[in-house]
Amino acid sequence: MGLLGLVLSLPLVAAGLDFSYHHTAELEAFLREVRANHSSITHLYSIGKSVEGRHLWVLALGRFPTQHKIGIPEFKYVANMHGDEAVGREMLLHLIDFLVTSYQHDPVITKLIDSTRIHIMPSMNPDGFEATEQPRCYPSQGRNNKNGADLNRNFPDGFISNPYTIQPETQAVMDWIKTETFVLSANLHGGSLVASYPFDNGNSVTITSDGISQTLDNDVFVHLAKTYSTSHTTMYNKQGCTTGDHFTDGITNGFAWYQVEGGMQDYNYIWGQCFEITLELSCCKYPPKEELPSFWSDNKMALIEYIKQVHLGVKGRVLDKDEEPISDVIVETRGRRHVCPYRTNKDGEYYLLLLPGVYVLNATAPGYKSVFQILNVPDGTEYFSALTYDFILPDVSAAPKFVSCPTTPRYTENTSTILKPTVNILILINILYAVFR
């Protein structure tokens, strides 16, 4: 039996957590109990409060749960941002219980927790959940927050100037993204059965002839979405939940499905340097609690396999000649220049999600000469670690100067970096592949 087989052979029902819907007091009690019983690998914290004053709780799991450690990527799951979409909320509670009870008993889970800092937010919209009638497939209320705002239309948009008032829950998540070096994320929803990937919005720069709003990292996003859908029991072969929905392999580009302005997954990718997809887990938004064991069985393996993808690609640091870290360095892959450049954090760290292959990386900082490096990138998920490569920037007279990300980056005709790489770049990559394969 392989490692994944061991994971799946563990008991389905999580000890100590029943299959029912857990309201705010019950959810908080469960999280506090987990923290108390598994203090060496968990850390419970709140990123802020909802309109009605409920905490937005997050449980972090890892070998160093209370703080970021150099070389260990940060991952997050967020559920219940639409308060009436309740399945994801319960799946994350059962995921927490499964992870902590499997640690030091199952080799896959142990390696995953030791090599990753996993943040789990069961509910981004606790006010909406408490206002929802239960159980009901299509509740008439509870989707929005207490102020009546749809939180998945409330983030700054990379294509338009959306004049919405940022809600407390949205601002809390935006601040959270700024304080952590998140690499990969997923947002759990309900109302369909599909894995959706960015962009949710688009314009003439990003929209292809087949109606997809394509990111620079489309290959990675398709892989991420397929990882979840094919690891799910049924998602990969479903037609969707409504007439006309047909999702090949159980995935869809967000914009190709329907346009969303101010969505959270686009915000993560553009501003947060974090790859996020949206997971629609159930046709019925708030199904009877008796169906929750089946949903857990369907999603258990997929939730684990998706976390492992945080170890794709390349990671490392940018250092000066004295091996001191340099922050705010732009580290990019040739042909993948983001409109809001991905930069090193205060420890000089960078993380780039890439599929296996040969790539040219470029590290650039004001006051330093650019450094290029050709890397043959393996599949790091097998070893729970991305390829590690540290850049050493040569000494120059000018000191680096911090350059923040623009507050309103826009995809315009003058920044058409979404388009395919030039023929010369493609030729170079082919030559490098022939050399390094």
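Laboratory data are not the source of any read-out in this text; all were calculated from the coordinates shown. This structure is a prediction, so every number in the text was calculated from the model and none was measured. All Cβ positions, glycine included, derive from the backbone under ideal geometry; neighbour counts span all protein chains shown.
Could we say that ILE72 is over 29 Å from PRO135 (Cβ atoms) and out of contact with any Gly (no Cβ under 6 Å at 6 or more places or on another chain) here?
In short, yes.
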Next item on the list: Only residues that are more than 30 Å from VAL339 (Cβ to Cβ) and of a type in the set (A, V, I, L, M): list them for region 121-177, please.
Entry: ALA131
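Conditions tested, residue by residue: (1) closer than 18 Å to HIS223 by Cβ; (2) crowded, with 24+ Cβ neighbours inside 10 Å; (3) touching a Gly at 6+ places or on another chain (Cβ under 9 Å); (4) basic (Lys, Arg).
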position: TYR164; (1), (2), (3), (4): no, no, yes, no
position: GLN167; (1), (2), (3), (4): no, no, no, no
position: VAL173; (1), (2), (3), (4): no, yes, yes, no
position: ILE177; (1), (2), (3), (4): no, no, yes, no
position: HIS189; (1), (2), (3), (4): no, no, yes, no
position: SER196; (1), (2), (3), (4): yes, yes, yes, no
position: ASP200; (1), (2), (3), (4): no, yes, yes, no
position: VAL205; (1), (2), (3), (4): no, no, no, no
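Name the one entry in ILE109, ILE96, ILE113, ILE118 that is in a strand (DSSP E or B), closer than 27 Å to VAL310 by Cβ and in contact with a helix residue (DSSP H, G or I) (Cβ under 9 Å, 6 or more places away or on another chain). Spell out how you get there, then give the answer.
Details: ILE109 fails: in a strand (DSSP E or B); ILE96 fails: in a strand (DSSP E or B); ILE113 fails: in a strand (DSSP E or B).
Result of the check over ILE109, ILE96, ILE113, ILE118: ILE118.
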Next item on the list: Please find, among PRO122, PRO139, PRO135, the residue that is under 19 Å from CYS284 (Cα atoms) and touching an Asp or Glu at 6+ places or on another chain (Cβ under 6 Å).
Entry: PRO139
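Restricting the search to region 72-88, which residues are of a type in the set (D, E, K, R) and either more than 16 Å from the chain's Cα centre (by Cα) or surrounded by fewer than 24 Cβ atoms within 10 Å (Cβ to Cβ) (or both)?
If we filter region 72-88 for residues that are of a type in the set (D, E, K, R), which is where we start, we get 74, 76, 84-85.
Passing the criteria: GLU74, ASP84, GLU85.
Could you tell me which residue of region 339-364 is farthest from VAL222 (Cα to Cα), considering only residues that are touching a strand residue (DSSP E or B) at 6+ places or on another chain (Cβ under 7 Å) and in a loop (DSSP other than H, G, I, E, B)? If you could, list the steps in order and put the result at the bottom.
Start the filter on region 339-364 by keeping residues that are touching a strand residue (DSSP E or B) at 6+ places or on another chain (Cβ under 7 Å), which leaves 341-344, 347-354, 356-364.
Checking which are in a loop (DSSP other than H, G, I, E, B) leaves us with 341-342, 344, 347-348, 353-354, 356.
Working: PRO341: 21, TYR342: 20, THR344: 25, ASP347: 30, GLY348: 29, LEU353: 12, LEU354: 12, PRO356: 14 Å.
By that ranking, first place goes to ASP347.
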Note to self: Checking the condition free of Cβ contacts under 8 Å to residues at least 12 places away in the same chain and either under 28 Å from ASN345 (Cα atoms) or surrounded by fewer than 22 Cβ atoms within 10 Å (Cβ to Cβ) (or both), which residue from SER209, SER185 passes?
What the structure shows: SER209
